[in-house]
Amino acid sequence: MNNKSTYLTVKDHSVSGEDFQLIYNSEYDMLETYPQPKAEKLSEYYKSDNYISHTDAKRNLFEKTYHLVRSISLKRKLKLINSFASSEKKLLDIGCGTGDFLQTALQNNWNAFGIEPNSHARTIANSKTNNQVYQIDTLETFENESFDVITLWHVLEHLPNLDNEIKRLHRLLKPNGRIVIAVPNFKSYDANHYKKFWAAYDVPRHLWHFSKTSISKLFSKQHLKVENIKPMPFDAFYVSLLSEEYKTGSKNPLRAFWTGLQSNIKAKRSGEYSSLIYILNKD
């Protein structure tokens with residue numbers, strides 16, 4: 001434990017109201033949520049009508065805006081995976097939520113499979129994808145080197161055993177395939193600005209909080225190499241809206257927009273966007 005120290009204490013604003021510590025791991029330059037809920041209790045922290053990736057709700061302007069931005073993001077994600085396509089075009093989307101990205105891939109001739117542990121989200125996703133979404137145990141049934149592209153859109157931070165999950169990704173990826181991972185970046189301007197109110201900490205659902213160094217080190221242990229990093233500029237605005245609400249009780253859209261804009265402007269120089277997409281291949 002010599003290489004670990006307390007970085008922040010953060011509240012679960014969404015479900016429980018409990019406090020959690022963020023422990024800084026200097027070896028990997030990452031934060032670890034402590035204590036981490038036991039596996040059998042983790043699902044209880046997702047039981048909220050406001051957990052937007054598990055619902056298709058459009059009840060208010062915020063949710064409508066989220067879905068509009070998501071439709072733009074889907075086109076960008078499709079363009080990205082198309083650049084890695086082989087003739088087979090075989091895709092695995094882990095943590096596919098309500099299935100919009102998977103549906104987009106299927107509509108564009110990908111042989112696509114989804115994994116979603118949340119039963120409610122999985123039911124919605126299966127209604128859009130002709131039942132192409134499965135429980136997490138199904139991962140063990142796929143053959144080695146099955147997929148051209150494996151995607152985890154804001155999923156890696158939720159997975160309890162990182163080393164085992166990364167080993168499995170390596171096993172499932174074809175020799176010339178790509179893993180595409182999107183995660184929040186605790187080195188961003190908006191993270192530093194909001195500190196304990198930064199919504200992308202999202203404890204305890206987010207078990208890990210990554211930097212560029214940590215992603216590179218964790219995956220290199222399994223002979224997976226970061227070949228490119230891309231920004232997710234919309235995330236700075238979305239996260240700032242939520243962070244304002246946690247900090248002040250109101251979304252303060254103008255202030256949130258200004259913070260998100262500053263974050264993206266500063267990230268053009270530093271590369272430290274609110275969220276980043278990492279593209280990895282086998283060494």
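Collect the residues in region 68-99 that are among the hydroxyl-bearing types (Ser, Thr, Tyr) and surrounded by fewer than 19 Cβ atoms within 10 Å (Cβ to Cβ), keeping them in residue-number order. Walk me through how you get there before you give the answer.
Of region 68-99, the ones among the hydroxyl-bearing types (Ser, Thr, Tyr) are 71, 73, 83, 86-87, 98.
71, 73, 83, 86, 87 - these are the residues of region 68-99 that are among the hydroxyl-bearing types (Ser, Thr, Tyr) and surrounded by fewer than 19 Cβ atoms within 10 Å (Cβ to Cβ).
Answer yes if at least one residue in region 139-158 is more than 18 Å from the chain's Cα centre (by Cα), within 27 Å of residue 47 (Cβ to Cβ) and not polar (S, T, N, Q), and no otherwise. Reasoning before the result, please.
Taking region 139-158 first, the residues more than 18 Å from the chain's Cα centre (by Cα) are 139-148.
Remaining after also requiring within 27 Å of residue 47 (Cβ to Cβ): 139-140.
From the residues that got through so far, the ones that are not polar (S, T, N, Q) too are 139-140.
Yes, region 139-158 contains at least one residue that is more than 18 Å from the chain's Cα centre (by Cα), within 27 Å of residue 47 (Cβ to Cβ) and not polar (S, T, N, Q).
Quick one: in region 100-121, of everything that is over 16 Å from residue 80 (Cα atoms) and at pLDDT below 95, which residue is surrounded by the fewest Cβ atoms within 10 Å (Cβ to Cβ)?
Result: 119.
For region 13-50, give me the residue count where each residue is in contact (Cβ under 8 Å) with a residue 40 or more places away in the chain, among the aromatic types (Phe, Trp, Tyr) and out of contact with any helix residue (DSSP H, G or I) (no Cβ under 8 Å at 6 or more places or on another chain).
2
Return the residue satisfying two criteria in turn: it lies in region 90-99 and is at pLDDT 95 or above and either among the polar types (S, T, N, Q) or closer than 12 Å to residue 174 by Cβ (or both), and of such residues it is farthest from the chain's Cα centre (by Cα).
90
Among the residues of region 197-225, count how many are crowded, with 17+ Cβ neighbours inside 10 Å and more than 15 Å from residue 272 (Cβ to Cβ).
Narrowing region 197-225 to residues crowded, with 17+ Cβ neighbours inside 10 Å: 197-211, 214-216, 218-219, 222, 224.
With the extra rule that they be more than 15 Å from residue 272 (Cβ to Cβ), the set shrinks to 197, 199, 201-208, 218-219, 222, 224.
Qualifying residue count, region 197-225: 14.
So which of 276, 241 is in a strand (DSSP E or B) and surrounded by 16 or more Cβ atoms within 10 Å (Cβ to Cβ)?
Values: 241 fails: in a strand (DSSP E or B).
None of the others qualify; the one that does is 276.
Can you list the strands (runs of 3 or more DSSP E) lying wholly within region 93-207 that have 1 or more residues being free of Cβ contacts under 8 Å to residues at least 60 places away in the same chain and either acidic (Asp, Glu) or over 30 Å from residue 261 (Cα atoms) (or both)? It would help to see each step written out before you state the result.
Working: elements: 111-115, 147-153, 173-184.
Of the strands (runs of 3 or more DSSP E) lying wholly inside region 93-207, those with at least 1 residues that are free of Cβ contacts under 8 Å to residues at least 60 places away in the same chain and either acidic (Asp, Glu) or over 30 Å from residue 261 (Cα atoms) (or both) span 111-115, 147-153.
When both residues are 6+ apart or on different chains and their Cβ atoms are under 9 Å apart, which pairs have a first residue that lies in region 251-263 and is under 15 Å from residue 191 (Cα atoms), and a second that is outside any helix (DSSP H, G or I)?
260/233; 260/274; 263/188; 263/233; 263/272; 263/273; 263/274
Search region 208-244 for residues being touching a helix residue (DSSP H, G or I) at 6+ places or on another chain (Cβ under 8 Å) and charged (D, E, K, R), and hand back the single one that is nearest to residue 261 (Cα to Cα).
Out of the qualifying residues, it is 235.
For the subset of region 56-89 comprising residues that are of a type in the set (S, T, N, Q) and assigned to a helix (DSSP H, G or I), which member is modelled with the lowest pLDDT?
Residues of region 56-89 of a type in the set (S, T, N, Q): 60, 65, 71, 73, 82-83, 86-87.
With assigned to a helix (DSSP H, G or I) added as a condition, the list becomes 65, 71, 73, 82.
Numbers: 65: 64, 71: 77, 73: 88, 82: 95.
By that ranking, first place goes to 65.
Looking at (1) part of a loop (DSSP other than H, G, I, E, B); (2) farther than 22 Å from residue 161 by Cβ; (3) of a type outside the set (D, E, K, R), which is the only condition residue 254 fails?
All conditions are met except number (1).
The values are calculated or read from the model by the stated rules, or taken from the named source; none is laboratory data. All of these numbers come straight from a predicted model, not from anything done at the bench. FYI the Cβ positions are ideal-geometry reconstructions off the backbone, even for glycines, and counts take in every protein chain you see.
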